[in-house]
1. Might you let me know whether region 375-393 holds any residue that is open to solvent by less than 10 Å² (accessible area, probe 1.4 Å), among the hydrophobic types (A, V, I, L, M, F, W, C), touching a residue at least 12 places away in the same chain (Cβ under 8 Å) and over 21 Å from residue 15 (Cβ atoms)?
2. Of all the residues that make up region 172-197, how many are surrounded by fewer than 21 Cβ atoms within 10 Å (Cβ to Cβ) and assigned to a helix (DSSP H, G or I)?
3. Give the number of residues within region 147-166 that are under 16 Å from residue 195 (Cα atoms) and at pLDDT below 90.
4. Cβ-Cβ distance below 7 Å, separation of 6 or more or different chains: which pairs start in region 253-273 with a residue that is in a helix (DSSP H, G or I) and end on one that is hydrophobic (A, V, I, L, M, F, W, C) and open to solvent by 40 Å² or more (accessible area, probe 1.4 Å)?
5. Does residue 330 satisfy being closer than 23 Å to residue 400 by Cβ, of a type outside the set (Phe, Trp, Tyr) and touching a residue at least 60 places away in the same chain (Cβ under 8 Å)?
6. Quick one: which of 348, 334, 383, 339 is modelled with pLDDT under 90 and at positive phi?
7. Could you check region 295-314 and list, in sequence order, the residues that are over 24 Å from residue 363 (Cβ atoms), part of a loop (DSSP other than H, G, I, E, B) and open to solvent by 50 Å² or more (accessible area, probe 1.4 Å)?
8. If residue 94 satisfies every condition in (1) on the phi < 0 side of the Ramachandran plot; (2) open to solvent by less than 20 Å² (accessible area, probe 1.4 Å); (3) not hydrophobic (A, V, I, L, M, F, W, C) but one, which is the exception?
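The values are calculated or read from the model by the stated rules, or taken from the named source; none is laboratory data. Because the structure is predicted, anything quoted here is derived from the model rather than measured. Glycine gets a Cβ as well: all are built from the backbone with ideal geometry, and neighbour counts include every protein chain shown. Just so you know, the surface numbers come from the protein's heavy atoms only, side chains and all, with ligands and any DNA or RNA stripped out. Shrake-Rupley method; radii C 1.70, N 1.55, O 1.52, S 1.80 Å.
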Amino acid sequence: MLGIFIGLVLLMVLAYRGWSIIWIAPICAGIVALFGGLNLLDAYTDTYMTGFVNFAKQWFPVFMLGAIFGKLMEYSGMAHSVAIGISRVFGKERAIIGVIVAASVLAYGGVSVFVVVFAVYPLALNMFREANISRRLLPGTIVAGMMTFAMTALPGTPQIQNLIPTQYFHTTAAAAPIIGLVSSAFMIVSSILYLNRRVRVLREAGEVFEEREEDLNAAPRTKYPHIILSLLPLLAVIITLNILKWDIVISLATGIVLILIISIREFKGFTKAVNSGASDSVMAMINTSAAVGFGTIVRSVPGFEKLSDAILGINANPLISEAIAVNVLAGATGSASGGLGITLEALGSHYYEIATTTGPAPEAFHRIASIASGGLDSLPHNGAILTILIVTGMTHKESYREMGVIAIVFPMLSLIPAIALGIIGVY
């Protein structure tokens, strides 16, 4: 357990200081393995790399297509068109709300959080440029829309963090709507107020939007696609994934083809845009896989089982013990779905027995578990956090402050009213 703690803290500190996760993750995993009595070479070449490769095998097609989709949305001018449309609805002074809405619509539509960032970033960049907001708030604003309420709390969200509990509590994705809506409202309002305050503070300090070399090198455009045409690829991904129940890979491919058809007059630049998106996806994939490999080592050492037993044995109201267990294990593994799956696999049947005998209701257990998975999972070594930073071109030092407050503090605070409602039987 000491090795897990040291390795985790070191990983977070070094990542926050800007050291590449690609090489610090295996070193920190080595510390965990050493304290856990594992053979260092085997731990790296077998356990660590198995977790690394398995994640890449499962997610690389989604990463690549998601990055290409986002890059084509940017190249074709569709991202700018949508951004301008949302800006007109909310106004430049409400760019923060606009980005949150854009990200949450995709996340609630079932698009993986690893994909949402690729699609939303070009929109968010244009909206921040229009509103003259510092880039350092980009990651936190995107996180507010895709990794908080839309991922875990909103009833009916098709994200995996909301689907895993259905297997253990025999509930539906819309379980405990009152708890979910109250928690969502708390996260939404808190995030908007906090981010708008950060905008004011940074402006007073003279920090506003700054163009970068890659922005200045981009070819200027004078004409953009109509917003309705620009929305079609986004809608195509959401509809084919959620209504037609297509695989996410096919849905993304459909969106890409639609962009190419609508923007056929821009065909001369298609190759460059696709190449750029594919290249971006590789770095994001490697960084995320490195963090997953670390989590695989953590789960393999004997100390993790002891840690799990200690957390799961907490003597408190079952909703409280469930929330603590899911949160801590999600933080240790750097994965919301990982921590949620481990907790419910170990105690799901126990919590369900309580729910069907003395209460609270299974629906309350479902929603609390889902919301709790979206707290400590967002520590600096979380795969999605790393992906967002890579895609937006920011570092932990520049942007993790806002990301941590929004993705960790607010979701954990939202558990207070959520658990209270569950205890009194309002769900």
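1. Checked against the condition, which is being open to solvent by less than 10 Å² (accessible area, probe 1.4 Å), among the hydrophobic types (A, V, I, L, M, F, W, C), touching a residue at least 12 places away in the same chain (Cβ under 8 Å) and over 21 Å from residue 15 (Cβ atoms), region 375-393 yields no hits at all.
2. Taking region 172-197 and keeping what is surrounded by fewer than 21 Cβ atoms within 10 Å (Cβ to Cβ), we get 172-174, 177-178, 181-182, 185, 189-190, 192-194, 196-197.
Then keep just the ones that are assigned to a helix (DSSP H, G or I); that gives 177-178, 181-182, 185, 189-190, 192-194, 196-197.
Residues in region 172-197 being surrounded by fewer than 21 Cβ atoms within 10 Å (Cβ to Cβ) and assigned to a helix (DSSP H, G or I): 12 in total.
3. The number of residues fulfilling the criteria is 0.
4. From region 253-273, the pairs are 258/232; 262/229; 262/232; 270/260.
5. Taking the combined requirement at face value, the residue does not satisfy it.
6. Just one listed residue meets the conditions, 334.
7. Residues of region 295-314 over 24 Å from residue 363 (Cβ atoms): 295-310, 313.
From what is left, the residues that are part of a loop (DSSP other than H, G, I, E, B) are 301, 313.
Selection gives 313 alone.
8. (2)
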